[in-house]
Structures are given as C-alpha cells and as structure tokens.
Amino acid sequence: MPLPLNDRQFAFWKLRRTGLPNIHIADHFRISRQAVSKALLAMDRKVEETLIEMAHANQIDIERLNAEIGVLFGRSVPFDAAAIVFVSENHGVQVWYEHEGDCGACPRYARCIELLWGYADELGVVLTKTDDPTRLADELFAKLREMV
C-alpha cells in the first residue's frame, strides 16, 4: 500500500512529526482541530499498515513501531541483522539493514549519505558530521531508538 505523500493528511502528519501541535496545524489550514485529529488518526493507521507490510515483505520480525514518527525497528530473518523501516518525505518508505560496509568503494555512497542526512533533517535530529554512511546510520538510528 503506497502512502499518499502528496495528500493533505500526509501534510498534517509531517507537520505533527516536526512537533507542531494539532491546533496550529488546524489554524494553518483553517480547519477544525477535530478534523486534524481525525485525519492524523487515519494517517497513523496508513503509516502503521505500510511499515508492517514492508517489514513482512522483507522478512523482518517487528520489535518496535512508532507510526507518529514513521519508524519500525526489527530484525531481518534472512540476514540476521537489525533492520529499520522508515517513512521519509523525500525518499518514501525505506528499509535499512545495519551492516559494516566498505562505503568508500560502494557506488551507492552518495545516495546513502543523501538519504540519511535528509531523513535526519526531516526529523530534526542533529548528527555528528561524518562521511561514513555506516557510522551516520548507526548514530541516526540510535537516536531514533531513544525517541520511540
């Protein structure tokens, strides 16, 4: 089930994820607080269903899930590795497996850096500057675990 990333409900969800209270979201869109609350409940269900479906499709056993932030922590059965499924405004639904890689030799190096920094920015998570995607991911997901 794809998430409606351009949908009004998703816009509300993104704003709430940044810490904006429902009343301010309602004022911004000139609608009632109840309408925002109802839309957010529906969006949380969609996010949760999407995270669970992605985990099942990738054979990830679920450990923790937070639909309000859009993150699921689990363990990949086939890879025997920690796995994170998350919703990014700019990158859609992503799966990241904790691993030690030779990032300098990887052709996806720039994409991984962009994904991780972008997701951290979306959540307002401050990270230590590093050019190693593996270390960056370790720091980002450790901070996310504290949030969940």
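Need the failing condition index for ASP131 against (1) modelled with pLDDT of 90 or more; (2) in a loop (DSSP other than H, G, I, E, B); (3) of a type outside the set (A, V, I, L, M), just the number.
Against the list (1) modelled with pLDDT of 90 or more; (2) in a loop (DSSP other than H, G, I, E, B); (3) of a type outside the set (A, V, I, L, M), ASP131 comes up short only on (1).
Do you know which of the residues in segment 97-144 that are under 12 Å from the mean Cα position of the chain (by Cα) and acidic (Asp, Glu) is surrounded by the most Cβ atoms within 10 Å (Cβ to Cβ)?
In this case the residue turns out to be GLU122.
Could you tell me whether segment 46-67 includes any residue that is acidic (Asp, Glu), outside any helix (DSSP H, G or I) and touching a Gly at 6+ places or on another chain (Cβ under 8 Å)? Give the steps one after another, and end with the answer.
Filtering segment 46-67 down to residues acidic (Asp, Glu) leaves 48-49, 53, 61, 63.
Okay, now just the ones that are also outside any helix (DSSP H, G or I), so 61, 63.
Still in the running and touching a Gly at 6+ places or on another chain (Cβ under 8 Å): 61, 63.
Yes: one or more hits.
Only residues that are surrounded by 15 or more Cβ atoms within 10 Å (Cβ to Cβ) and in contact with a Lys or Arg (Cβ under 6 Å, 6 or more places away or on another chain): list them for segment 4-35, please.
ASN22, ALA26 - these are the residues of segment 4-35 that are surrounded by 15 or more Cβ atoms within 10 Å (Cβ to Cβ) and in contact with a Lys or Arg (Cβ under 6 Å, 6 or more places away or on another chain).
Let's see how each residue does on (1) on the phi < 0 side of the Ramachandran plot; (2) modelled with pLDDT under 95; (3) within 16 Å of the chain's Cα centre (by Cα):
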residue: LEU5; (1), (2), (3): yes, yes, yes
residue: PHE10; (1), (2), (3): yes, yes, yes
residue: THR18; (1), (2), (3): yes, yes, yes
residue: LYS38; (1), (2), (3): yes, no, no
residue: LEU41; (1), (2), (3): yes, no, no
residue: GLU48; (1), (2), (3): yes, no, yes
residue: LEU51; (1), (2), (3): yes, no, yes
residue: ILE62; (1), (2), (3): yes, no, yes
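Within segment 1-44, can you find the residues that are over 20 Å from LEU123 (Cβ atoms), without any contact (Cβ under 8 Å) to a residue 12 or more places away in the chain, among the aliphatic types (A, V, I, L, M) and not in a helix (DSSP H, G or I)?
ILE31
The values are calculated or read from the model by the stated rules, or taken from the named source; none is laboratory data. Model, not experiment: these values are computed from the prediction. Using ideal geometry, Cβ is built from the backbone for each residue, glycine included, and neighbour counts are taken over all protein chains shown.
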